[in-house]
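Novice: What follows is a structure written as structure tokens; I'll ask about it next.
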Amino acid sequence: MSLVSLQRVCVAVALTLLLAACASSHVLTGRARPPIDPAQVRVYFAPPPNGYEEIAILETASGAFTYGEQNKMDSVIGKLRAEAAKLGANGVLFQGTDEGYGGGGVSVGAGGGRFGGRSFSGGSVGVDISPRQKFGRGLAVYVANPPPMESSGAPPRP
């Protein structure tokens with residue numbers, strides 16, 4: 001395999017992993033509806049008082065390079081709303097979040113040797129500054145008569 005083709009394979013793998021890290025997924029548990037605008041999807045932190053029809057189980061993660069807890073949470077909520085909207089759900093019943101593994105770290109390496117009468121040595125330091133991802137889950141739901149926006153269970157926005 002030539003160096004150029006190896007580089008192309010590495011770039012393709014890196015792009016695939018990057019896109020996979022940003023993906024949301026769902027498992028249909030009910031009947032999907034025509035897609036709607038994500039801005040019409042409400043987030044409920046408690047079941048809506050008028051009941052709901054379950055459409056799907058949703059899972060997503062914050063971006064791979066999203067820093068700050070509020071930014072991570074905003075990313076998770078936005079992705080849950082977008083995935084629910086694709087399924088025609090007008091609500092997401094938030095189920096919770098988990099922290100990803102990893103986070104920052106430092107690695108140090110050194111080596112040396114002798115070959116053909118010459119000696120050589122080397123060393124390196126690696127620093128990982130990528131943040132931990134936040135993973136979120138929820139239920140995509142359809143609420144027939146949603147309550148007014150201020151009583152949806154979502155915290156008020158400034």
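The values are calculated or read from the model by the stated rules, or taken from the named source; none is laboratory data. Keep in mind that this is a model prediction, so the values were computed, not measured. Here the Cβ is made from the backbone with ideal geometry for all residues, glycine too, and neighbour counts use every protein chain on show.
Novice: Of the residues Ala56, Ala32, Ala23, only one is modelled with pLDDT of 90 or more, of a type outside the set (Ser, Thr, Tyr), assigned to a loop (DSSP other than H, G, I, E, B) and surrounded by 11 or more Cβ atoms within 10 Å (Cβ to Cβ); which?
Specialist: Criteria check complete, one pass: Ala32.
Novice: Still on this model: Please tell me if Leu18 is surrounded by 11 or more Cβ atoms within 10 Å (Cβ to Cβ) and modelled with pLDDT under 60.
Specialist: yes
Novice: Out of segment 103-138, which residues are at pLDDT below 75, hydroxyl-bearing (Ser, Thr, Tyr) and over 17 Å from Thr66 (Cα atoms)?
Specialist: Ser107, the sole residue that qualifies.
Novice: Now a separate question. Filter segment 79-102 down to residues that are over 15 Å from His26 (Cβ atoms) and exposed (fewer than 15 other Cβ atoms within 10 Å of the Cβ), then give me how many there are.
Specialist: Qualifying residue count for the region: 5.
Novice: Same structure again: Conditions: (1) assigned to a strand (DSSP E or B); (2) more than 20 Å from Val141 (Cβ to Cβ). Val92 meets all but one. Number of the miss?
Specialist: So Val92 meets the others, but not (2).
Novice: Could you tell me which of the residues Ser75, Ser62, Ser121 is loosely packed, with under 11 Cβ neighbours inside 10 Å, on the phi < 0 side of the Ramachandran plot and among the small types (Gly, Ala, Ser)?
Specialist: Ser121
Novice: Test Ile36 against the criterion of being in contact with a Ser or Thr (Cβ under 7 Å, 6 or more places away or on another chain) and in contact (Cβ under 8 Å) with a residue 12 or more places away in the chain, and give yes or no.
Specialist: So Ile36 does not fit the description; no.
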